[in-house]
1. To the nearest 0.05, what FRET efficiency results for PHE12 and ASP69 with a Förster distance of 35 Å applied to their C-beta separation?
2. Can you spot the aspartates and glutamates whose alpha carbon is less than 16 Å from LYS75's alpha carbon? Ignore those fewer than 8 places along the same chain.
3. Which percent of Cα pairs goes in each bin when the distances of segment 127-217 are cut into 5 angstrom slices starting at zero?
4. Can you work out the PRE-style zone for ILE96? Point 7 Å along Cα to Cβ, and I want the residues of segment 125-145 with backbone N under 20 Å.
5. Could I have the simple spin-label model distance between TYR103 and THR148, label points 7 Å from Cα toward Cβ, reported in nm to one decimal?
6. Once both labels are modelled 7 Å past Cα along the beta-carbon direction, what's the SER200-LYS77 spacing in nm?
7. Rg(Cα) of segment 123-176 divided by 2.2 N^0.38 Å?
Amino acid sequence: MNVQEILNYVNFRLNKEQSGRSMTEDQYNLILQVINIEYMKWKYGLPEEYQPGSPIPRQFWEATQKITDDMRWAKVKMGGQEGGQMVIDVNGIAQIPSDYLHYSSIWFNYLKNNKECGNPPSKKVYSVEVLFDAQVGDRITHPVKGPTLKYPFCCFYNSYIEFWPKELGAVEFTYIRVPRTPVYAYTVVNDEPVYNAAGSVQLEWPVDCHADIANLIVNLASENLRDQFMNQVSEQRKERGI
C-alpha cells in the first residue's frame, strides 16, 4: 500500500463521508511520521513491556524470523555490501554512524585487522562484548578478564564507541538505522488537494505490515476526533494482530 491507499483506508475506517471527520494532509503527514517511529519501537522491543526481573517485551529484535524479515530493510552491516568496516583510531575511538538507531552486533576479524598475528589462532572472528559504563573500569585492569585481541570489549557514548584494546583498528559493526520519514505529497488543484506520487516518500515496511500501521493511524486519529468507539475497535484489532 502506498501512502494514498493507506489514507483512503483510514478515511473509510473513520467513516469520513458520513461523519465529516477527517484529517488535513499536514495532520496525516505528522501522524505518519509518529506512527512510523512508534512501529519501529514496537518491533524492536518496547521497554514499557518490561517486568521486574524480566526485561523481555512481547516482540523484540530477531526474536523470530518474522520480526527479522519485517526489519531487514533497516539492518546495516558495516564491512558488508554497504561499505567498509567501522574504523577505530589509535585512541580506541570509533564514530557512531549518523543514521544509527540500535546496536545489533560487533565482531573483530583477527586475521584481517591484526598485522602482527604471527601464528594465527584457529578462530578468526571474535565477538566484541558491549559493557555498561560502570563495568569498564574494573574490566580494563582485571588480571584475567582484561582486554585482548581475542576478548575485546567496548562501551557506547554520546557520538562514539570506545574500544579496548585500543589497537583493534577496525570492527564489523551491524546496526539498525533510523527509518526514513514517510511523506504524503500533494498539490492543490481547484482548492482540492491532489496526491503527488512522485513527490511522496513511501513506507519501508513490508506490505504485510501496512494494515497494522494503518490501524495505528486510525487509533491515533480516533483519539484526536474523540471517537471512543473507533478507538476501542482499533485497540481490539491491534490486540488480535489484524
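1. Values: r = 28 Å, r/R0 = 0.80.
Efficiency, rounded to the nearest 0.05: 0.80.
2. Here the aspartates and glutamates satisfying the reach criterion relative to LYS75 are GLU62, ASP99, GLU172, GLU204.
3. 3, 10, 14, 13, 9, 6, 7, 9, 8, 8, 5, 4, 2, 1, 0, 0
4. Output list for this probe position: 128-137.
5. My value for the distance between the label points is 2.2 nm.
6. 3.3 nm
7. Working it through for segment 123-176, the quotient is 1.12.
Each reported figure results from applying straightforward, stated rules to the coordinates on display, with no laboratory input. Keep in mind that this is a model prediction, so the values were computed, not measured. Counting neighbours? That spans all protein chains shown, and the Cβs are built from the backbone with ideal geometry, glycine included.
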